[in-house]
Amino acid sequence: MKKKQHIIGSPAEVEAAFYDALNRADVDALMALWADDEEIICIHPGGKRLVGHRAIQESWSVLLEHGGLHILPSQLHEMHNLMSAVHTVVEGTTAASGEPAHLIATNVYMKTPKGWRMMAHHVSVAPGPVPTEGPAKMLH
């Protein structure tokens with residue numbers, strides 16, 4: 001029998017629930033936030049592209065088998081329309097050395113009949129010190 005998923009009212013609520021599940025190492029709660037579509041994707045830092053529920057769930061199970069990741073998202077930049085949303089965040093965490101570290105994540109959400117759900121999560125290791133918010137210093 002398929003699990004009943006509750007309706008989530010906004011991309012921000014999905015994002016908050018996603019990071020909460022990561023920090024609690026709750027793979028079931030984490031996977032309940034993804035869209036039912038088998039074209040969902042996840043790319044972990046330095047990892048390959050994972051497509052579909054099975055590959056994504058297996059990867060999170062391995063990553064979270066020893067506990068939560070203790071990630072604090074900040075510096076949200078968001079783009080929305082009626083049916084989709086793209087969020088980029090700085091993920092603050094601690095490196096293996098014990099030093100503060102940060103990653104850059106892009107989270108893509110889609111409005112479905114069951115509410116907002118995650119379609120993609122792509123994380124890259126960010127170079128240099130943790131960025132501070134402020135006006136962009138680069139034009140292109």
Inset, instruction - With N set to the residue count of region 30-78, report its C-alpha Rg divided by 2.2 N^0.38 Å to two decimal places. - result: 1.25
Inset, instruction - Evaluate the distance, in nm, between pseudo-label points positioned 7 Å from the Cα of T106 and of R24 along their respective Cα→Cβ axes. - result: 3.0
Inset, instruction - Using all C-alpha to C-alpha distances in region 11-125, build P(r) with 10 Å bins and read off the rounded percent in each one. - result: 14, 49, 32, 4, 0
Legend entry - Fully extended contour minus Cα-Cα distance, from R54 to S124, at 0.36 nm per residue: 23.0 nm
Inset, instruction - Report the full-extension gain for the segment E13 to L72: residue separation times 0.36 nm, less the Cα-Cα distance, to one decimal in nm. - result: 19.7 nm
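Quick note: the coordinates plus some simple rules give every number you see, no bench work behind them. Just so it is clear, the model here is predicted, and its values are computed rather than measured. Note that each Cβ is placed from the backbone with ideal geometry, even for glycine, and that neighbours are counted across all protein chains shown.
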